[in-house]
């Protein structure tokens, strides 16, 4: 193997070596129609890991972000609607309280203070009835899919500081 080939392969092998091997997080997505809107409920299972708990306990601001897209499958997928939601946990070591903040499209939706770790886990990993698009923008009897992409900050388990990303999607047919 030439020196040039080794120089090109070394960074790739290093990257593969430091990416952690973890259990696969599963993303459960449920789209439905309500109030003349496409609403999405989703849950990121197995994402509240020991690394996340350690980051929170250390006082690091921890954020789970989700990008939701409603799209039409075609040669070139068309985006019908989007929403960006996130939950941030700021743990105070002195009071032992978590301040949880939920944002939808950059606007504060809710703020909650708790000492219960089970509530923190639910707030970080589960959302219900997130509006993605108005049904007026949908064609009857047409196929659509909702894609959810998640990101967790601070990233855990990677020597390079890579952000952990999980993506899932589910198809449905709009029937008014």
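The values are calculated or read from the model by the stated rules, or taken from the named source; none is laboratory data. Small disclaimer: the values here were computed from a predicted structure and weren't measured. Every residue, glycine as well, gets a Cβ built from its backbone with ideal geometry; the counts of neighbours run over all protein chains shown.
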Is there a residue being assigned to a strand (DSSP E or B), surrounded by 12 or more Cβ atoms within 10 Å (Cβ to Cβ) and at pLDDT below 90 anywhere in segment 15-28?
yes
Counting only residues that are in contact with a strand residue (DSSP E or B) (Cβ under 9 Å, 6 or more places away or on another chain) and exposed (fewer than 12 other Cβ atoms within 10 Å of the Cβ), give me the strands (runs of 3 or more DSSP E) lying completely in segment 65-161 with at least 3 of them.
78-92, 107-114
Of the residues that sit in segment 72-93 and are modelled with pLDDT of 95 or more and over 21 Å from residue 40 (Cβ atoms), which one is farthest from the chain's Cα centre (by Cα)?
92
Assuming residue 62 fulfils every condition listed in (1) modelled with pLDDT of 95 or more; (2) under 21 Å from residue 112 (Cα atoms); (3) in contact with a helix residue (DSSP H, G or I) (Cβ under 9 Å, 6 or more places away or on another chain) apart from one, which condition is it?
(1)
Of the numbered conditions (1) out of contact with any helix residue (DSSP H, G or I) (no Cβ under 7 Å at 6 or more places or on another chain); (2) farther than 17 Å from residue 29 by Cβ, residue 91 fails exactly one; give the number of that condition.
(1)
